[in-house]
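Visitor: Sharing a structure here in structure tokens format.
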Amino acid sequence: MFQKFLVSICLFIFCFSVSAESIIVNQAELAYEIKGDGENIIFFEAGAISGMSGWDSIWGNLPPNTTAVRYSRRGEGKSSSCVGDLTSSDYVRDAEELITLLKINKPIIYVSHSYGGKIAREFAAKNPDKISALLFVDPSNPRDVEIIEKLDPINGKESNEKMKQTDIKMGEENNWCLINDIWDKKPSLGYGDIKNIPVTLIAGVKKFKNPERLFDTDKARELWGEFQSEWVLKFPKGKAVMANKSGHFVQNDEPELVITELEKLIIRVNEN
């Protein structure tokens, strides 16, 4: 599932540059940027490899009355390199320390994309008093491999294993410290692990005319939307949004949709 997005991620990084500050977090230098000084604190967690540039498409049009923070994890963007295998727990510790160092003293609205969703889930479960809402933009879902095996019961498991080994090799060659954690397919933390807060999940379910991969076929897109919806709708305040014009990078394909759902989420938080 991961390999498809590598070329577009890398192209995106090289097309955009970000003027950022830096700060030492758990012995690593992390690049970050803060925009605005509003009452609503929005903390952005990018997908794998993209760094904070992954939010460029919406960064210039954020809702008013917000203070937005984005950063690049170790090993990404202009942050210092990473060493060894890192997991979402390592990145959660960095996010916690960054928030502390930036003196953010009120609950945040945590916005995440792709692999960043795994970090956001764990942060929310670990820090219930530090979070007011979650917005997931096509987050990673460990059931992605289930889709392949369901649609190809004969060769699906083998196909997943081949893709895993290809991704791990690519990760080793490029020093991507998160690659093994991406392939950790244990069930996502969900309602019960995370307190009852407003949660919105936007799933990229665009259908392709000539899909090159099984994962991009119409049935696979439908299952992806179903699995994402099943997860978020277990929250009493959960909301599922299907982005029918978007692939994995909803913030690029439909930036206005992401902004609209963020605005609605802010209203829900303030109503509470």
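Visitor: Take residues that are out of contact with any Asp or Glu (no Cβ under 9 Å at 6 or more places or on another chain) and closer than 20 Å to P198 by Cα and tell me which of the strands (runs of 3 or more DSSP E) falling wholly in segment 13-121 contain 1 or more.
Guide: Those strands (runs of 3 or more DSSP E) span 40-45, 108-114.
Let's see how each residue does on (1) modelled with pLDDT of 95 or more; (2) assigned to a loop (DSSP other than H, G, I, E, B):
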position: K185; (1), (2): yes, yes
position: L189; (1), (2): yes, yes
position: N196; (1), (2): yes, yes
position: L201; (1), (2): yes, no
position: K207; (1), (2): yes, yes
position: E212; (1), (2): no, yes
position: F215; (1), (2): yes, no
position: W224; (1), (2): yes, no
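Visitor: For segment 206-231, name all the residues that are touching a Lys or Arg at 6+ places or on another chain (Cβ under 7 Å) and under 13 Å from F136 (Cβ atoms).
Guide: Selection gives F227 alone.
Visitor: Another question about this same structure. Could you tell me which residue of segment 214-272 is farthest from T67 (Cα to Cα), considering only residues that are among the aliphatic types (A, V, I, L, M), out of contact with any strand residue (DSSP E or B) (no Cβ under 7 Å at 6 or more places or on another chain) and surrounded by 18 or more Cβ atoms within 10 Å (Cβ to Cβ)?
Guide: Among those that are among the aliphatic types (A, V, I, L, M), out of contact with any strand residue (DSSP E or B) (no Cβ under 7 Å at 6 or more places or on another chain) and surrounded by 18 or more Cβ atoms within 10 Å (Cβ to Cβ), it is A220.
Visitor: Go through the residues of segment 162-170 one by one and say whether even a single one is crowded, with 17+ Cβ neighbours inside 10 Å, β-branched (V, I, T) and either within 22 Å of K118 (Cβ to Cβ) or in contact with a helix residue (DSSP H, G or I) (Cβ under 7 Å, 6 or more places away or on another chain) (or both).
Guide: No, segment 162-170 contains no residue that is crowded, with 17+ Cβ neighbours inside 10 Å, β-branched (V, I, T) and either within 22 Å of K118 (Cβ to Cβ) or in contact with a helix residue (DSSP H, G or I) (Cβ under 7 Å, 6 or more places away or on another chain) (or both).
Visitor: Right, another one. Kindly provide the set of residues from segment 171-191 that are more than 15 Å from the chain's Cα centre (by Cα) and charged (D, E, K, R), ordered by number.
Guide: Scanning segment 171-191 gives E172, E173, D184, K185, K186.
Here's the yes/no breakdown for (1) of a type in the set (G, A, S); (2) touching a residue at least 40 places away in the same chain (Cβ under 8 Å); (3) farther than 20 Å from E226 by Cα:
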position: K106; (1), (2), (3): no, yes, yes
position: N127; (1), (2), (3): no, no, yes
position: I154; (1), (2), (3): no, no, yes
position: K157; (1), (2), (3): no, no, yes
position: I168; (1), (2), (3): no, no, yes
position: E173; (1), (2), (3): no, no, yes
position: I182; (1), (2), (3): no, yes, yes
position: Y191; (1), (2), (3): no, yes, no
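Visitor: Quick one: S112 ticks every box in (1) hydroxyl-bearing (S, T, Y); (2) buried (at least 24 other Cβ atoms within 10 Å of the Cβ); (3) more than 20 Å from V258 (Cβ to Cβ) bar one, so which box is it?
Guide: In the conditions (1) hydroxyl-bearing (S, T, Y); (2) buried (at least 24 other Cβ atoms within 10 Å of the Cβ); (3) more than 20 Å from V258 (Cβ to Cβ), S112 misses (3) alone.
The values are calculated or read from the model by the stated rules, or taken from the named source; none is laboratory data. Because the structure is a prediction, the values reported are computed rather than measured. Cβ coordinates were reconstructed from backbone atoms using ideal geometry, including for glycine residues, and neighbour counts include every protein chain displayed.
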